[in-house]
Amino acid sequence: MKKALSNIYYFLPVQLLLLHFRKYQFLLIFWLILFLTVTGRFASHFGASSLFLAPEYLGKISFVSMLLLGGATSVFIMMWHITTFIIHSKRIPYMGATRHAFVVYCYNNCIIPLVFLDFYSVTCIHYQWYNEHASLMNVILLQLGFYLGMALVIFISFAYFFRVSRDFFKTMLTTITNPARIREIIPYDSLDYELDILPAESYISGKLKIEKNSDLETFHPRVMNTVLRRHHRNVIFATVIAYVVLLLMGVFMERPLLRAPAGAGFLLLFSIIMGIVGAFKYFMKSWEAIGWIIFAVLMTLMVKFNFFDLRSIAYGLNYHTHTSNEPIYDYEHVHKLFTTQRYAADKNTEEQRLGLWKNKNTADSTNPPLVVVTVSGGGSRAAYWSFCALQYIDSMTNGRLFKNTTLITGASGGMIGAAYWRNLHDACQQGILKDPYSEQYQKNVGKDLLNAIIFSFASVDLVSPFNKINIAGYSYTRDRGYAMEQELIRNTDSLMDKSIGYYRDREANGSIPLLIINGTIVNDGRRLMISDQPVGYLTQPEYSLNDSMPPIDAIDFAAFFAKQDPYNLRITSALRMNATFPYVLPVVKLPSEPKMDIMDAGLRDNFGAEVASRYLYVLRDWLGKNTRKIIFIDIRDTRENTVTSPSEQSSSLSNMIVDPVFVIQNKWEAFQSYSQTIYQDLETHSFGGKLRYITLQYVPKEANKTAALNFHLTQQEKQDISQSIYNERNQAGIDSVVTLLKTAKP
């Protein structure tokens, strides 16, 4: 037994595995991220696991998408082998005596990749079977595609990088990457020549047999140095190739055929980073830490002096006006703009709009019921649920829900679904579409957005943040925000490819509901309200109108950016600002002085209750005289006022450390939900029995299997969300809406 354990311990694959954990553990972070991502324990809120377990190409999970992901996985594995080889090769000098030393090294360095592939396959098969409802044959086909992609890249790698010796680019790179040139600049010291030879007694040979190291011939150090330089050239060449591939995919990201699955893009990005790390380690040696510090300082300076800007922009808005025409964002100028006079004028304009709406919806000289809709944030989950709920209720009321709705507002993903619902009915009114209740529209709103976002992040934002695009006569930089918008436009068959001004006239005459898209101004916490109608009456509380310094807590986008062509703003950009979840989408900067940074509306109000309640309160006199009923429909993707049990692990050390940091993030919706119940009390008091609050909420079939909060939905999640409409409480709410709208004008 002792001898058997000794043979295992001194087996080269085992020694290499221990070496990776003992030396330069940074490279293991890449594997850790992959393992955690596949299990759903890393970036789970962003839906990162779906990028690897259900990769999409041309909008589908297919043999080709898995083949591309398999190829990228193979590139990553090969880069792992090359990088670790050039870092640790001095510790295995006996490899220099083998034929095809690098190939032999790959065989012996395969424990971590093989464990990952086994783990990935089991997890992927389970995910595709249970979450994507794939058939057995389809699951097998997808796995064949993945491993075929891997095999192709491995074959090309061994055939090209390590068998072809005469190549112009290789010769050039050998000269450029000769470490002797670096020695002229960086003085190496004795730490650069550490001797830590692995005490391996056996290894896997090129013929896949276990052989003894003692059978190898003795070598000269120059032989190993020659081999090392050749493979260092290969890692530089492979890194350049991976970078060029990502760069080209970013340049041609508008062409779906050239857009690889996002998971593949991230693996290529990991390969590039790993190659750079290996090159740093090899060139800088004991000066490596100083080198990384200098690199970080240079990157910081480049961002500070706008060599490149990682913040995003709102497409359609004019960023090229003279600085003198940029609005100044401070309290003094905001106060001068949003005056009592503007408040009164904008309120009067809205009352006139409501008057036109009333004339279109009055039956038998009776006041019509009025509907206000608010939707919650929650990524694609909220978008899908909001659209399903609105489409279902509208069909049950024969279209009266849409005709009697005067305001739609809310946050994040819910606004995407609600805006698409409004666009469908608007298109039907104009004769562009015939049936707003087609099942295809529900499929459209449930299509993936995450793949385009992450792909752009890997191939444009981090690799080449200099791509330009022309929209509506203005030049902009492309990023993952642009990719998200373009994907949303494609998913909705270009129905969302409109500016906010496109709807202005029909909103003004009461033909379609007023849409207020919100964002949170990071600078000071104010709300940004994007609408093509004047909404100055919603920028401050009514009680403060006569104060010398009223608390202006919101900004009317169109009024504030009047000189920046505000009505030319793409509605997709407005929705993106409203749904800018941190890190997934970039912070949007607007052309003010100082620059106004915009993030998710949910930071301020995730349910739209504040805007809708102020709207009803400000217009209470008109509403009291001209409406029979006011129906406040609150559509949320989480349970309202759900009472949760304390965690059993709340006393653990990890929870004691983590909970105080993430308590606000994890309980943000609950905090807002509880605090906003006061609005219902106040509004009910203002309108008496005329106001009805109706809440429709996504209730998962299994409480512990809620659809993820991200921009991707599995087939299982879509089915669960759509079935939630038949929940007993939701059906009761829908029946109430149908009853209240029965006498409305059809």
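The values are calculated or read from the model by the stated rules, or taken from the named source; none is laboratory data. Note that the coordinates shown come from a computational prediction; the quantities given were computed from them, not determined experimentally. Backbone-built Cβ (ideal geometry, glycine too); neighbour counts: all protein chains shown. Note: areas computed on protein heavy atoms with side chains; ligands, DNA, RNA excluded. Shrake-Rupley method; radii C 1.70, N 1.55, O 1.52, S 1.80 Å.
Numerical summary
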read-out: Amide H partners (placed H, <5 Å) of Phe42, local residues excluded; value: Thr37
read-out: Under the Karplus curve 6.51 cos²θ - 1.76 cosθ + 1.60, θ = phi - 60°, whole-Hz ³J(HN,Hα) for segment 730-740, x wherever Gly or Pro sits; value: 5, 4, 5, x, 5, 4, 5, 4, 4, 5, 5
read-out: Thr362, Thr520, reordered so the largest accessible area comes first (probe 1.4 Å); value: Thr362, Thr520
read-out: Heavy-atom accessible surface of segment 321-437: percent carbon and sulfur, 1.4 Å; value: 50
read-out: In Å², nearest 10: area of Tyr57 left accessible to a 1.4 Å probe; value: 30
read-out: Solvent-accessible area per residue, Å², over segment 334-396 with all protein chains present [probe radius 1.4 Å]; value: 33
read-out: Accessible-area composition of segment 454-536, carbon plus sulfur, in percent [1.4 Å probe]; value: 48
read-out: Using a Förster distance of 30 Å, the FRET efficiency for Gln715-Leu248 (Cβ separation, nearest 0.05); value: 0.40
read-out: Cα shape, segment 1-111, gyration tensor, a/c 1.5 rule; value: prolate
read-out: Neighbourhood net charge (12 Å Cβ-Cβ; Lys/Arg +1, Asp/Glu -1) for Asn318; value: -1
read-out: Virtual spin-label span in nm between Met299 and Ile111, 7 Å along Cα→Cβ; value: 3.1
read-out: Distance in nm between pseudo-label sites at Ser438 and Glu593 (7 Å out along the Cβ direction from Cα); value: 5.0
read-out: Cα-based reach from Lys207 at 29 Å (exclusive), listing lysines while leaving out same-chain residues under 8 positions away; value: Lys2, Lys3, Lys23, Lys90, Lys170
read-out: Heavy-atom accessible area ranking, 1.4 Å probe, most first, across His126, His335; value: His126, His335
read-out: Amide H contacts of Asn109 (H built 1.01 Å from N, under 5 Å, at least 5 apart or other chain); value: none
read-out: Anisotropy class of segment 550-618 from Cα gyration tensor, a/c 1.5 cut; value: oblate
read-out: Accessible surface of segment 49-137 [probe 1.4 Å, protein heavy atoms]: carbon and sulfur percent; value: 70
read-out: Accessible surface, segment 559-641, averaged per residue in Å² (probe 1.4 Å); value: 29
read-out: Radius 14 Å from Cβ of Lys705, net charge of other residues (Lys, Arg +1; Asp, Glu -1); value: +1
read-out: Net charge, Leu67 excluded, C-beta distance under 14 Å - Lys, Arg +1, Asp, Glu -1; value: 0
read-out: Cα shape, segment 421-508, gyration tensor, a/c 1.5 rule; value: oblate
read-out: Length-normalised contact order of segment 452-549 in % [C-alpha pairs under 8 Å, at least 6 apart]; value: 16
read-out: Order of exposure, largest accessible area first, which applies to Arg255, Arg311, Arg478 with probe 1.4 Å; value: Arg255, Arg311, Arg478
read-out: Length gained when the stretch Asn398-Ala159 is fully extended (0.36 nm per residue, less Cα-Cα span); value: 79.5 nm
read-out: Solvent-accessible surface (1.4 angstrom probe) belonging to Ile630, in square angstrom, nearest 10; value: 0
read-out: Derived scalar couplings ³J(HN,Hα) [segment 128-144; Karplus, 6.51 cos²θ - 1.76 cosθ + 1.60; whole Hz; x for Gly, Pro]; value: 5, 6, 8, 8, 9, 6, 6, 6, 4, 5, 5, 4, 4, 4, 5, 5, 4
read-out: Chain lengthening between Phe26 and Asn138 when straightened (0.36 nm per residue, less Cα-Cα); value: 36.6 nm
read-out: 1.4 Å probe accessible area per residue over segment 18-64, in Å²; value: 49
read-out: For Cys388, solvent-accessible area (1.4 Å; no DNA, RNA or ligand), Å²; value: 10
read-out: Dipole magnitude (debye, nearest 20) for segment 528-648, charges at Cβ of Lys, Arg, Asp, Glu; value: 380
read-out: Karplus-derived 3J(HN,Hα), 6.51/-1.76/1.60, for each residue of segment 627-638, Hz, glycine and proline x; value: 10, 8, 9, 10, 10, 9, 9, 9, 9, 10, 9, 9
read-out: Chain lengthening between Asp547 and Tyr474 when straightened (0.36 nm per residue, less Cα-Cα); value: 22.2 nm
